[in-house]
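No lab work stands behind these numbers, since they all come straight from the coordinates. Because the structure is a prediction, the values reported are computed rather than measured. When we count neighbours, we look across all protein chains shown, and the Cβ atoms used for this are built from the backbone with ideal geometry, even at glycine.
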Amino acid sequence: MTRTLAHDATVLGACPHDCPDTCSMLVKVAQGKVTGVQGNPAHPFTKGRLCAKTSHYQERVYHPERLLYPMRRSGPKGSGAFERISWDEALATIGERWRAIIEADGPTAILPYSYLGTQGIVNGLTVGDPFFNKLGATISERTFCDSGASTAYVMTVGPTPGMDPESLAHSRFIILWACNVLSTNAHLWPFIDQARKNGAKLVVIDPVRTGTTAMADLHLRPRPGTDAALALAMIHVIIREGLVDRDYVDRHTIGFDELSAHVAPYTPEFAAAETGIDAGIIWSLARDYASAQPSAIRIGVAIERSAGGGQVVRAIACLPALVGAWRRPGGGLLQLPLWAFPVRWDHLHRADLATPGTRVINQWKLGAALTGGLKLDPPIRALFVYNSNPLVVAPDQLRLKEGLAREGLFTVVSEQFITDTARYADLLLPATTQVEQDDLMFSWGHLYLTLNRQAVVPQGEAISNAELFRRLAAVMGFDDPFFQRSDDTILRESLDWDAPTMQGISMERLEKQGYARLNLPAADVYAPHAEGGFPTPSGMVEMKASMAAGGNFVLPTFRQGSHEHQSGTPVPALPTYTPPRESGIREAVPGARHPLAMMSPKSHSFLNSTYANHRRQLARDREQRLYMHPLDAEARGIRSDDLVRVKNDRGAFVAVAKVGDEAMPGVVVAPMGYWIAGSRAQATPAALNPTALGDLGGAPTFSDNAVEVERA
Amino acid sequence: MPHVVTDACTACRYTECVAICPVDCFHAADDRLYIDPDGCIDCAACVPVCPVKAIVDAFDLATGSEELIALNRQRSRELPVIDGKSAPLPTAEARRQSLNP
């Protein structure tokens, strides 16, 4: 269906970014150009608000450095020298090169690399999956974000949406755990604020001092990666003090007796030694959490980023059931409400098109995959990057640069800008921004579908991801009409419109309103697990997880729908504490080469590296900073605004030191997202990040990172 | 850079901004409002709802942004938070017309 674009209009849009909030946006168009965007005041969750990233989205659309045409490399890899070519030439080149590679080495020599640069149903996570599954390319395991937590969560409570985010307004006690809400989930805040104004207590657990922690009644700062000790000690106290909701536990959980015995050694005193948090505070935290019902826990995606990051979530997911928090609206656990949406994942991935046995590569291993580190046969000879900027987000940056610089590697990057990764491309393909494309958004932070309608014609020759894969399918001779479906057909076929949660929702309604809440009870009465009904194998909260028997796995959602080649490494069936691999207190011994722990959280004004090339956002977040505690700074003769070199055996970057209590003693904090191209030493925090994965679901371990800092 | 309230608010004190602010970062004097620039999260929701366009992203000011941020910060420290809508000042309508926003 072709829609006519109005010359002057307000168009209903939706934010495309990898954020839980998925805002409904009003896009103002005058004379065929976007003049501004604002939050849609009618949307019950996002309520007319946008954020520091998107409030001037038009500046992204008309950014003078937008990539507008297909380009071919005209200088050494990484030099950023390109010349314009036609789409026909670009596509023909891709077809020729890929066919030659497939003939010589087979299709698994081609590796797709992508995530959620745009996260719509049409152009997001899965847009290339049917194509690459059919091509027979190596399968990408995309465990960028929340995969480890999701494996843990699903093992414990199943793929349930969990508590309604809006019901937080009715909570009496809220724990925000590893979640800087005001920067990365800001539209949730008013519901928390409402609860506070009703008398709820807010606890924020985060090693870093943030705008969110400043709002808390209690800010607890565990040493990075020790959160499981805290969660297990809470379980210990709740059981020992008789604060368990026995009726709920008896009817809706399995494994309580084993868990009770298992947590005996996890005393608050044990947790105090690991986390650095006073044992008395841990006692009272557990008592208050259990007593003030309904109590809620919101976990952020950062929680998984250490050696034992998965088991942290196993432990936390037991807590609401132990105290019966699920009984009432405003009680329970909020992780990933994505599971509420009746998405036809099989249709989006088309794993049925894949060649059985096709190898799987975890995308955090890209540097090793491109440099012989994984002993791949055949080696990767072609890389296709879209919706991602691995040089800034993936670990082991120096090795990745080396891999991307390989002369024999044919790299294609689809992008809106010539990012650090794009500089290494042989071919660049211009991608549309959200106002230049159609999409329908689910959310991993609220319960609304949000429609995004194209507002303006694309700049230059940019095309949407969906169109990109239609063209690639034609080039590769895929004649199944599935590969030529229109955007509207894709979005209609990707949801189960007959599902109970979709009753009353139609495209007509979405066109008119821009959004629709799933057909679920209102937040003030919705308590999804008041009577149990957890989507686990037993239907119960599995404190002792039956799924652990199969060993470690990544949900197929994060690996193109594939169930094959799962890691299968043993997983303890009861939640267990694994100390940090690198950055634990055990490492902080006198004479240690890398005695500091580094965390690299999201910047307030960037979404990963997106917007870090915008003057407006850089005016707020300026250049790479390193927050240090005064004790650590003094010991190294470092003062605020000094240039410092942060280093470990994987690499080094230079930052401006900021001395203060944003960082706790022994921990340095380097907000991420800055581009290598604008950095002082051609490196960013990812240069130091480890490639080791966490205990569950292929999570990264970026908060489990030992470093040293010196004056530059 | 944070959002700030400009002098256009003086003698108006409409409070649509207060109602939509998610972080309660407006502070009220008798004659106008100020934004606490350290509390502002740059969601920009207050900008389009102000009847006199008194709120701007400091980034968009050609000159004087540091002074305006400093003024908003200073006054916010001295004045109470306003977290609910209230009636505009009696002079608001006349002031709005004179500003012709």
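Observations on the structure shown:
- Unpaired Cys in chain A, meaning no second Cys C-beta under 4.7 Å: A:Cys19, A:Cys51, A:Cys145, A:Cys179, A:Cys318.
- Cα gyration tensor category, rounded, prolate or oblate, for the range A:671-712 with a/c compared to 1.5: oblate
- Which of B:Val4, A:Val457, A:Val413 has the fewest Cβ neighbours within 10 Å, and the rest in rising order: A:Val457, B:Val4, A:Val413
- Full extension of the segment from A:Ala405 to A:Thr355, taken as 0.36 nm per residue of separation minus the current Cα-Cα distance, would add 15.0 nm.
- Within-10-Å neighbourhood charge of A:Ala178 [Cβ basis; K, R +1; D, E -1]: -1
- Top positive-direction residue, dipole computed over the range A:463-547 with Cβ charges, set A:Asn465, A:Gln503, A:Gly533: A:Asn465
- For the pair A:Lys512 and A:Lys197, the difference between a 0.36 nm per residue extended length and the Cα-Cα distance amounts to 110.0 nm.
- Dipole orientation for chain A: of the candidates A:Pro161, A:Gly357, A:Leu220, A:Leu220 has the Cα lying most toward the positive pole (charges on Cβ; Lys, Arg +1; Asp, Glu -1).
- Annotation for A:Val656 and A:Ser486: the two label points, set 7 Å from Cα along the Cα-Cβ direction, are 5.1 nm apart.
- Of the GluC sites (Glu not before Pro) found in the range A:201-279, those in coil by DSSP whose Cβ has at most 13 other Cβ atoms within 10 Å are A:Glu241.
- Here the dipole of chain B is about 320 debye; that uses its Cα centre as origin and unit charges on the Cβ of Lys and Arg (positive) and Asp and Glu (negative).
- 20 Å Cα-Cα reach of A:Lys544 towards aspartates and glutamates, excluding residues that sit fewer than 8 places from it in its own chain: A:Asp227, A:Asp245, A:Asp247, A:Asp250, A:Asp257, A:Glu258, A:Glu304, A:Glu531, A:Asp695
- Put a plus charge on the Cβ of each Lys and Arg, a minus charge on the Cβ of each Asp and Glu, and nothing anywhere else: the dipole of the protein assembly as shown about its Cα centre is then about 780 debye.
- Separation in nanometres of the label points that stand 7 Å from Cα toward Cβ, at A:Ala677 and A:Trp87: 2.4
- For the range A:585-711, share of DSSP beta bridges that run antiparallel, in % to the nearest 5: 65
- Here the calculated FRET efficiency for A:Arg615 and A:Asp377, from their Cβ-Cβ distance with R0 = 45 Å, stands at 0.45, rounded to the nearest 0.05.
- Note that the protein assembly as shown shows a convex hull volume over its alpha carbon atoms of 158 Å³ per residue.
- Taking 0.36 nm per residue of separation and subtracting the Cα-Cα distance, full extension of the segment from A:Asp105 to A:Glu269 would add 53.3 nm.
- Beta bridge orientation in the protein assembly as shown: antiparallel %, DSSP, nearest 5: 50
- Loop GluC sites (Glu not before Pro), the range A:371-447, which have at most 15 other Cβ atoms in a 10 Å radius of their Cβ (DSSP): A:Glu407
- Summing charges over all other residues whose Cβ lies under 14 Å from the Cβ of A:Pro64, with Lys and Arg as +1 and Asp and Glu as -1, gives +2.
- Charge dipole magnitude, Cβ of K and R +1, D and E -1 - the range A:33-175, Cα centre, debye nearest 20: 460
- Summed residue charge, Cβ within 12 Å of A:Gly13's Cβ, Lys/Arg positive, Asp/Glu negative: -1
- Computed label-point distance, nm, for sites A:Asp346 and A:Ala692 using a 7 Å Cα→Cβ extension: 4.0
- Most positive-pole-ward Cα, A:Asn180, A:Ala271, A:Leu334, against dipole of the range A:163-334 from beta carbon charges: A:Asn180
- Cα gyration tensor shape of the range A:163-334, rounded if a/c is under 1.5, else prolate or oblate by comparing a/b with b/c: oblate
- Near-label residues of the range A:200-234 by backbone N, under 17 Å of a point 7 Å along Cα→Cβ of A:Ala635: A:223-224
- For the range A:585-711, the gyration tensor built on C-alpha atoms gives an oblate shape. Its axis ratio a/c (a ≥ b ≥ c) is at least 1.5, and a/b is not larger than b/c.
- Helical content of chain A, expressed as a calculated mean residue ellipticity at 222 nm, amounts to -7000 deg cm²/dmol (DSSP H runs of 4 or more residues, -39,500 (n - 2.57) each, divided by residue number, nearest 500).
- A DSSP coil position with no more than 12 other Cβ atoms inside 10 Å describes the following GluC sites (Glu not before Pro) in the range A:500-606: A:Glu531.
- Counted by neighbouring Cβ atoms within 10 Å, the residues A:His565, A:His594 run from fewest to most as A:His565, A:His594.
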